[in-house]
Amino acid sequence: DTEVTQTPKHLVMGMTNKKSLKCEQHMGHRAMYWYKQKAKKPPELMFVYSYEKLSINESVPSRFSPECPNSSLLNLHLHALQPEDSALYLCASSHLGLAEVNEQFFGPGTRLTVL
Amino acid sequence: DAKTTQPTSMDCAEGRAANLPCNHSTISGNEYVYWYRQIHSQGPQYIIHGLKNNETNEMASLIITEDRKSSTLILPHATLRDTAVYYCIVSGGNEKLTFGTGTRLTIIP
């Protein structure tokens, strides 16, 4: 299984809602990532988890809260978002321990619209 | 991580080789060159990576100049399915991939 799955595919939420994005992989990867991609822009790294611990937070606002319950799952909890947070949210995973190989496997993304 | 410079867009005829250039003049000795692509409405896809030697896999070839300040990704026989944004990324393997603006490659029938 060489796939990263993300649910839901699309999400529409109001600014007062609480929702979660989910990402799953079964490749035995111990690094998992969240990226945000605005329209016609490149992906921007948000968070990195290594061995289920948060290793990189790219100064993301606290209304985005990541969680890594186990080595296969990665969640992104959303609360009190703003319309400008509307974007494609991408999850990725990769092996650790092979410093040269930053081959990340990406999921198809969740397209989020904040009203 | 070093920065990269790529042309904004390129066209290539179907069946011909697509050559995508990338400048990375500030690359340091332990940094690798990675290429990813993103087809419309999909997540990015890893293509190939290299340090200083030329590399080839089933998808593409990567040619890195001797001084490592630039590289070229070659898709040997481009098909319509190769239409995508191609990202050249330089990374020292610290788990961070910093995507630049990439090259929008359009394959023309």
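The figures follow:
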| item | result |
| --- | --- |
| Pairwise burial A:B, computed as accessible area of each alone minus the pair, summed, 1.4 Å, Å² | 1700 |
| Per residue accessible area of chain B, 1.4 Å probe, in Å² | 51 |
| Of A:LYS40/B:LYS96; A:LYS18/B:LYS96; A:LYS9/B:LYS52, those spanning more than 32 Å from alpha-carbon to alpha-carbon | A:LYS9/B:LYS52 |
| Prolate/oblate/rounded call for segment B:29-109, Cα gyration tensor, a/c under 1.5 rounded | oblate |
| Percent of alpha-carbon pairs separated by more than 32 Å within the protein assembly as shown | 20 |
| Shielding by other protein chains, B:42-51, mean Cβ within 10 Å | 5 |
| Residue among A:THR113, B:PRO21, B:HIS40 farthest towards the positive dipole end of the protein assembly as shown, charges placed on Cβ | A:THR113 |
| Separation of the B:SER25 and A:GLU3 label points, Cα + 7 Å toward Cβ, nm | 4.5 |
| Inter-centroid distance (Cα atoms) of segment B:62-78 relative to segment A:26-91, Å | 31 |
| Inter-probe distance in nm under a simple model that places probes 7 Å from Cα toward Cβ, at B:ASP67 and A:ARG111 | 4.5 |
| Overall form of segment A:47-111 per C-alpha gyration tensor (a/c, 1.5; a/b vs b/c) | prolate |
| Pair B:GLU58, A:ASN70: separation of 7 Å Cα→Cβ label points (nm) | 3.1 |
| Heavy-atom SASA rank of B:HIS24, A:HIS77, A:HIS95 (probe 1.4 Å, accessible area, largest first) | A:HIS95, A:HIS77, B:HIS24 |
| Probe 1.4 Å - accessible area at A:PHE105, Å² to nearest ten | 60 |
| Per-q log10 I(q)/I(0), segment B:1-72, q = 0.13, 0.21, 0.23 Å⁻¹ (Debye; single scatterer per alpha-carbon; no solvent) | -0.40, -1.03, -1.20 |
| With all protein chains modelled, accessible area of B:ILE48 [1.4 Å, Å²] | 10 |
| Residues along segment B:76-109 losing 50 Å² or more of accessible surface when the other protein chains are present rather than the chain by itself (probe 1.4 Å) | B:GLU95, B:LYS96, B:LEU97, B:PHE99 |
| Derived scalar couplings ³J(HN,Hα) [segment B:74-86; Karplus, 6.51 cos²θ - 1.76 cosθ + 1.60; whole Hz; x for Gly, Pro] | 10, 9, x, 9, 5, 10, 4, 6, 7, 5, 5, 9, 10 |
| Residue-count net charge about B:THR8 - beta-carbon cut-off 14 Å; Lys, Arg +1, Asp, Glu -1 | +2 |
| Charge sum, other residues only, whose C-beta stays under 11 Å from B:TYR87's C-beta, Lys/Arg counted +1 and Asp/Glu -1 | +2 |
| Shape category assigned to segment A:15-93 from the gyration tensor of Cα positions, a/c cut at 1.5 | prolate |
| Within the accessible area of the protein assembly as shown (1.4 Å probe), percent carbon and sulfur | 50 |
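The values are calculated or read from the model by the stated rules, or taken from the named source; none is laboratory data. Everything numeric in this text was worked out from a predicted model, so none of it was measured. Cβ: placed from backbone, ideal geometry, glycine included. Neighbour counts: every protein chain shown. The area values use the complete protein model at the heavy-atom level, side chains included, leaving out ligands, DNA and RNA. Shrake-Rupley method; radii C 1.70, N 1.55, O 1.52, S 1.80 Å.
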